[in-house]
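Q: Got a structure for you, written out below as structure tokens; questions coming shortly.
Here, each number is a calculation from the coordinates, and none is a lab measurement. Because the structure is a prediction, the values reported are computed rather than measured. Using ideal geometry, Cβ is built from the backbone for each residue, glycine included, and neighbour counts are taken over all protein chains shown.
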Amino acid sequence: MMDSFIHFLLHRFFVTGDPMIYGADASIALASIGIVVVVTYLKKWKWLWKEWLTSVDHKKIGIMYIIAALLMLFRGGVDALMMRTQLALPNMHFLTSEHYNQVFTTHGTIMIIFVAMPFIFGLMNIAVPLQIGARDVAFPFLNALSFWLFFFGAMLFNISFVIGGSPDAGWSSYAPYAELSMNPGVGQNYYLVGVQIAGIGSLASGINFLVTILKMRAPGMTLFKMPMFTWSILITSVIIIFAFPAFTVALALMSIDRLFGAHFFTIASGGSPMLWANLFWFWGHPEVYIVLLPVFGVFSEVIATFSHKTLFGYAVMVWSMVAISIIGFVTWLHHFFTMGNTAEVNAFFSISTAIIAIPTGVKIFNWLFTMNKGRIEFSTAMLWALAFIPNFTIGGVTGVMLALAPADYQYHNSYFLVAHFHSVLIAGPVFGIFCGLYYWWPKMFGYMLNERQGKLAFWVFMISFNICFMPMYIVGLLGMTRRMYTYPAGMGWTPFNFIETIGAFGMGAGFLIIAYNIVWSTLKGKRDTTGDPWNGRTLEWSIPSPAPEYNFATIPTVSARDAFAVAKTQEDQENKKERQLFQPIHMPNNSGIPIIMSLFMFIAGFGLVWEWYWMVIPGAIGIVVCMIVRSFQYNDHHIISIEEIERTERAAGRLS
Amino acid sequence: MAQSPLRLHEKSRSSLPIEYSTPENDLRIVGFWIFLAAELVLFGTLFATYLVLQSHTAGGPAPKDLFEVGPVMIETIVLLVSSFTCGLSTIELRRHNKKGLIFWLIVTVLLGLVFIGFEVNEFYTYAAHEGATLSSSAFLSGFFVLLGTHGCHVSLGIIWITGLIIQIAKRGVTPVTARKAFIVGLYWHFLDVVWIFIYTAVYLTGWVM
Ligand code: HEM
Ligand SMILES: [Cu+2]
């Protein structure tokens, strides 16, 4: 009995036999012990629980998203560097083939689901309520639940590499390889359950932000007076609502196949592996717009602010995003042109994909025209936005090349494709996220990130990005295929691969400079005492940095686009201090239910991964109990008194 | 009056029905409609999956070997009637009639339980007598998961309405309980609509094909 238990622990539960995994075990254990010791030593547990873990404040939730996403970016980045090290030279033995498969799977999944998504959710949590003059999102409790679902989903996915083994079927998890018959063990279960839990949180966020934007705008802010970032989130929310349920179903069906022996995507008993590909990409293509449109919004804000001009072609910007979101739902098949469709079907999806380039190109020109005759200020945020334009355009142009179905037979699953999607995913979401971080950082924390370090990080990262990915286009055309764990010498690929690896490490260095910049600025950064460090144009800059709990002491009335820029020209801000008439403010109470309920999800999820139903059942009961407790809670608001508002506003220098 | 964090520029709400009587209620009801849109996509995906796999019987039982008219008709009628009684509960809600509201909610729950009873029996019959289980064929996987998802939704609705009945009994018809009763009503009617699609896409086409 005991023997077999130990055998199970050593041979199935813990991943053993690889020194790198032992290193990871040790560093995870050390980091966890370190955190516990530090928090205990500083006596911060209560503070942590009361101020952060149970918070329903959109600003704090946004910050937690961003911290989690930065950590995940580190993990995804280490995965990337491991792959690049393995591929630096031919016939390397740094990673085995099995290990390489796991690493590209976790890298892709983490980068999309646990890096790009939470960064986007973080930025939208921070900026959207402030941009529309609201005091919180529509459903603050649900917002906290979304975050904790994402967090525990990410944790579940991440522990796979030390407990039980990582998934290895690629981030797209194609059937039948991802099915039980070919992929036994728990790795793929981790993918299915972890991503599912996070996905439910994303869907809830989509609903939350759609209602927030539709119903909670300040008086006078009609839809077409909204800031462009808010517009991008409105449209993104709609995409989330229509795309994510399909993924929820796809993941659930494959889980049912693997855990309960159904035959949705198997080869045996009439299952249809192609059905998985269709369901996956029906979500997967809109997903790339879910991570892309919000950063289009960020760039619009940043380019307008640092050109000191209003955005060019506002309405066209909006309609092109609407067009992208709709056409984005009818292009999914371009991911498998080569997998046996008729010519007519390929032609349709080829054309629909190419058409998306039109509204995207329109946006590029609008950004350029916004800068035209503007007084451009080269801040770090602006540099990221400027670099986005040419780098992203390269990704877009190669995307149109891939969209041509007959030509795709040549490019498909080659390094040309890998280069393409990194061009769009890095020059888009990653540049955009860094851009947004530098831009909104003072609003989040009340101090600025150091600009000199920021610019250094920008140049290192951006140049290395090109060194890393440009050669991939060439090596792809030379025949190197995707997901290869090694390659022979003498193919003419070696110099390109070696250069790519240098670039990859350069990007790692750029990331480290950003991390250093954050730490340095936290200690020594310049305070933002004005609340408006960039001479901003939208409402978030009209309130102190960091924003008080209730955001706006009095809700502003909006009469035009760029509401704050207009207000600044119209009135003397000093006068305003006198005129404010405060009223008590209702705010939602903090709640421990979101984190506890998500923890139960984690427990139930872990049980499902291992098919331990003795663990699934208490987890599921815990979830239901949390829901019932919440339903019976009636007293969930508190009131901020006028005196307290006055005290806060006076401390921020807003009241004489 | 304290300001709500949610919306300030409120027109008078006194002319609206009780479930819409506060700005927060308004938000939640809109939010629930949007949630139903997401549910629509979820069921839409399951329907698409079922229709793709319907003919993939892998030598096992096909739809017309399996589906019986009798129990399916009973399930359908019971669920439709429960939707009607749920509607009656909303009428009582607007009359602020606590007793009537609770009465019709109880009837709705009981009808829901009858529906679930028949459905479980139907599944049991297929599995025990016809050997048709989740793992028999892709068609049956699609069938059990589509109907099972709907059945789970109905079961969750039963728990939800039961909890709500307790709250209404304790607190009476207030703006908050009224909003909850209204929202659960939307949910229940939605499940009824889904059933009509199931009846058409699964059973009717199954009998005809
Ligand atoms: C430091 C920067 C990065 C480097 C050096 C890098 C490198 C790589 C490499 C070497 C592969 C595997 C190629 C193969 O063997 O087929 C890969 C795959 C992938 N990467 Fe990255 N990557 C980086 C950043 C990102 C980012 C930011 C994202 C998304 C936001 C991303 C998304 C993906 C995806 C989706 C895959 C495909 C995984 C699969 O084949 O299943 N990567 N990357
Ligand atoms: Cu696509």
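Q: Determine ³J(HN,Hα), in whole Hz, for all residues of segment A:259-268 in sequence, where each value follows from phi through the Karplus function 6.51 cos²θ - 1.76 cosθ + 1.60 and θ = phi - 60°; x replaces Gly and Pro.
A: Residue by residue, segment A:259-268 yields 8, 10, x, 6, 10, 6, 10, 6, 8, 6 Hz.
Q: Tell me, rounded to the nearest percent, the portion of alpha carbon pairs in the protein assembly as shown spaced more than 54 Å apart.
A: That fraction is 13 percent.
Q: Relative to the longest principal Cα axis of chain A, at what angle does helix A:415-425 sit, 0 to 90 degrees, rounded to 10?
A: 20 degrees
Q: Residue by residue through segment A:293-305, which ³J(HN,Hα) values in whole Hz follow from phi under the Karplus form 6.51 cos²θ - 1.76 cosθ + 1.60 (θ = phi - 60°), with glycine and proline marked x?
A: Karplus-based 3J(HN,Hα) across segment A:293-305 equals 4, x, 6, 4, x, 4, 4, 4, 4, 5, 5, 5, 4 Hz.
Q: Right, here's the next one. Once amide H atoms are built 1.01 Å from N in the peptide plane, which residues 5 or more positions from A:SER414, or in another chain, come under 5 Å H to H?
A: A:ARG482
Q: Select from B:SER15, B:SER89, B:SER135 the residue whose mean-square fluctuation is largest in a Gaussian network model of chain B (Cα-Cα springs shorter than 10 Å).
A: Evaluated over chain B, the most mobile residue of the options is B:SER15.
Q: Note down the magnitude of the dipole of the protein assembly as shown about its Cα centre, charges +1 on Lys and Arg C-beta and -1 on Asp and Glu C-beta and zero elsewhere, to the nearest 20 debye.
A: Dipole size: approximately 2420 debye.
Q: In this model, which of A:LYS225/A:LYS524; A:LYS59/A:LYS373; A:LYS215/A:LYS526; A:LYS455/A:LYS568 are farther than 31 Å apart at the alpha-carbon?
A: Checking Cα-Cα distances, A:LYS225/A:LYS524; A:LYS59/A:LYS373; A:LYS215/A:LYS526 exceed 31 Å.
Q: Tell me which lysines have Cα within less than 20 Å of B:LYS99's Cα, excluding those fewer than 8 residues away on the same chain?
A: B:LYS170, B:LYS180
Q: In sequence order, what are the phi-derived ³J(HN,Hα) couplings for segment A:283-290 according to the Karplus relation 6.51 cos²θ - 1.76 cosθ + 1.60 with θ = phi - 60°, rounded to whole Hz, with x for glycine and proline?
A: Once θ is set to phi - 60°, the couplings for segment A:283-290 become 7, x, 6, x, 4, 5, 6, 5 Hz.
Q: Nearest 10 degrees, 0 to 90: what angle lies between the long axis of helix A:431-445 and the longest principal axis of chain A (Cα atoms)?
A: Once rounded, one gets 40 degrees.
Q: Post the alpha-carbon centroid distance, segment A:594-656 to segment B:91-107, in whole angstrom.
A: Rounded to whole Å, the Cα centres lie 32 Å apart.
Q: Let me ask something else about it. Can you tell me what percent of all Cα-Cα pairs in segment B:19-208 are more than 26 Å apart?
A: 37 percent
Q: Got a sec? Charge dipole of segment B:19-208, +1 on Cβ for Lys and Arg, -1 for Asp and Glu; which of B:ASN25, B:GLY70, B:HIS150 is way out at the positive end?
A: After comparing all options, I get B:ASN25.
Q: Give the separation of the Cα centroids, segment A:383-400 to segment A:87-164, in Å.
A: Result: 24 Å between the Cα centres.
Q: Over the whole of A:616-628, what's the average partner chain Cβ count within 10 Å per residue? Rounded to a whole number, please. Each step should come with its number before you reach the end.
A: On the way: counts 0, 0, 0, 0, 0, 0, 0, 0, 2, 0, 0, 4, 3.
Mean shielding by partner chains, rounded to a whole number: 1.
Q: Using only Cα atoms and rounding to the nearest 10 degrees, what angle (0 to 90) does helix A:314-327 make with the longest principal axis of chain A?
A: In chain A, helix A:314-327 runs at an angle near 30 degrees to the longest axis.
Q: Would you pull out the residues with amide H under 5 Å of A:ILE640's amide H, same chain only if 5 or more places away, H placed 1.01 Å from N?
A: Under 5 Å from the amide H of A:ILE640 lie the amide H atoms of A:ILE585, A:HIS586, A:MET587, each far enough along the sequence or on another chain.
Q: While we're looking at this one, here's another question. Counting only residues 5 or more places away or on other chains, whose amide H sits under 5 Å from the amide H of A:VAL137 once H atoms are built in the peptide plane?
A: A:HIS58
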